Amino acid sequence: MTLHDQQSALIAALAGNAPVPAGFDAGRVQAAASALAFKRARAVAQAWPSLRVMLGDDFRARFGAYAASTPLPQQGGPLADGLRFVHYLARQMPLADEVKLQQLSVDARYRRTRTGLSPRRYPRIRVAWLAKARCTVIALGAWRFRLQWPRFG
Amino acid sequence: MKRMERPQAQLGLGGGWRPELALMLDRRADLGFIELLAEDFWSARELPAAVEALRDRGVTVVAHAVSLSLGGADLPERDRLQAFARLARRLQAPLVSEHLAFVRAGGIESGHLLPLPRTHEALGIVVRNVRAAQAMLPVPLALENIATLFEWPGAEMTEADFIAEVLEQTDALLLLDLANLYANSRNHGVDPADFLTRIPLERIAYVHVAGGVAGTDGLYHDTHAHALPAQVLRLLRDLCERTRPPGVLIERDDRFPPDEALNAELDAVVSILGGCSAECSEQAQVEA
């Protein structure tokens, strides 16, 4: 088995998608897997306060279910991970206005790529309907300008 | 045997720069250097105003990466190295740092610094990767020892010997993390005194210290989110008896305490460094 295969097997085990490879202390690897899961969830909760508010005490359980089926994005860190979590949640439940607003602000500044997120180089306009506030919000992400929030509702 | 000729840049007291600590670090008149998390800034159009203000008053900035995966079976990614090199130039950093670890394999990110098998095969791969990184970086690279909760089976050498061998073969500098050494002594029974004897002290670029906590799983977790343990400061004192490190930096990443608490930790570091005699440093260099 090459080092590449050994490292891949270990990462799969740490993500909870494969058994602990032979020879490792399984209890220790599982302790590391728990620490990793906790760290990933906490980082997303910090980058996406709107999700923490929307999900409340359900955050950890919902995020755990998402994380088990979705690997970490290669680029964009917790912001990218959280955006994927938002898309995952959107298939299951209506999103709170605050989450839609935060998603708008991320979408206006970053481009979704196969590997995660990368900063936009060109201005971008995004529109969202906020159900609770009953208004449409237009987000304008532009070079060197702060995000604007004109409201039409 | 390769011999290092350049003396290490004197960095002094350091803090890991985080937005939450910007004001606190700005108020610290004796701050010599900060670390910026490279991945957070290498595609940013501009640096935070607070970082620019520190640079204006002469505080040195070191770029610290976590995602190069120098211990990975694959060569480090060119795009990441280019971005890291660009950031180092932009910061006029005297050196940059990264960990002796791997973070991805088979296209899957672990989101964490993972340990390497301490085998001759892995050693050869790390040396190849470090050389590839050095070829693209404009300044010296310092490599950091990591904290781990588990180890690979089949180790052919101690962690200290593995590190010493990588540094010897690549001429890289050492970022000695004493909190990680402490964590590994708690979790794996590593003897810190033996570790400090085996590593090349003259290659130390700077030192990390940080807090952690004993978990319910019976293991010590290097969290960077808890107070600095007295044992880590004791290790710094032990190190100072052997050599005077060019810089010591506190890492605090989460659960930020009141400024007084962090200032007390920085004061403790300053006080230990103050007691660190210059003769020790000269002595270490003569021995080297």
Please compute, for the alpha-carbon atoms of chain B, the extent along each of the three principal axes and give them in descending order in Å. 48, 46, 42
I need two numbers for chain A: Rg to one decimal and Dmax as a whole number, Cα atoms only, in Å. 18.5, 63
If you take the Cα Rg of the range B:103-184 and divide it by 2.2 N^0.38 Å, with N the number of residues, what do you get? 1.11
Could you point to the residue in B:Gln92, B:Leu37, B:Met157 farthest towards the positive end of chain B's charge dipole, with +1 and -1 charges on the Cβ of Lys/Arg and Asp/Glu respectively? B:Gln92
Size of charge dipole - chain A - debye, nearest 20, with Cβ of Lys, Arg +1 and Asp, Glu -1, no other charges: 860
Using packing as a proxy for protection, rank B:187-195, A:9-17 so that the peptide with the highest average count of other Cβ atoms within 10 Å comes first. A:9-17, B:187-195
Antiparallel content of DSSP bridges confined to the protein assembly as shown, in %, to 5: 40
Stick to the Cα atoms of the protein assembly as shown, pair each with every other, and give me the Kirkwood hydrodynamic radius in Å at one decimal. 23.1
Projected onto their principal axes, the Cα atoms of the range B:53-170 stretch, largest extent first, over whole-Å spans of 50, 29, 27
Sequence-separation-based contact order of the range A:76-143, relative, with Cα cut under 8 Å and 6+ spacing, percent: 29
With N residues in the range B:1-84, what two-decimal value do you get for its Cα radius of gyration over 2.2 N^0.38 Å? 1.30
Pair A:Ile138, B:Asp217: separation of 7 Å Cα→Cβ label points (nm): 5.1
Measuring from a point 7 Å past the Cα of B:Ala268 along Cα-to-C-beta, which residues in the range B:191-205 have an amide N at less than 20 Å? B:192-193
Below 8 Å, C-alpha to C-alpha, sequence gap of six or more: please give me the relative contact order for chain B in percent. 17
Percent of C-alpha pairs per 5 Å bin, the range B:173-234, short to long: 4, 18, 28, 25, 15, 7, 2, 0
Would you mind classifying the range B:34-82 by shape? Square roots of the alpha carbon gyration tensor eigenvalues, ordered a ≥ b ≥ c; an a/c under 1.5 is rounded, otherwise it is prolate if a/b is larger than b/c and oblate if not. prolate
Just to confirm a number: summing +1 for Lys and Arg and -1 for Asp and Glu over residues other than B:Asn145 whose beta-carbon lies under 9 angstrom from that of B:Asn145, what do you get? -3
Quote the accessible area belonging to A:Ser118 in square angstrom, nearest 10, computed with a 1.4 Å probe and with ligands, DNA and RNA left uncounted. 20
Among B:Trp17, B:Pro48, B:Thr216, whose Cα lies farthest out toward the positive end of the dipole of chain B, if unit charges sit on the beta carbon of Lys, Arg (+1) and Asp, Glu (-1)? B:Pro48
Counting only other chains, what is the mean number of Cβ atoms within 10 angstrom of the Cβ of each residue in peptide B:211-219? 2
Mind checking the mean number of beta-carbon atoms from other chains within 10 Å of the Cβ atoms in A:74-84? 2
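The values are calculated or read from the model by the stated rules, or taken from the named source; none is laboratory data. Not measured: the values here are computed from a predicted model. Every residue, glycine as well, gets a Cβ built from its backbone with ideal geometry; the counts of neighbours run over all protein chains shown. For the accessible areas, the whole protein counts, side chains as well, though only heavy atoms, and no ligand, DNA or RNA atoms are used. Shrake-Rupley method; radii C 1.70, N 1.55, O 1.52, S 1.80 Å.
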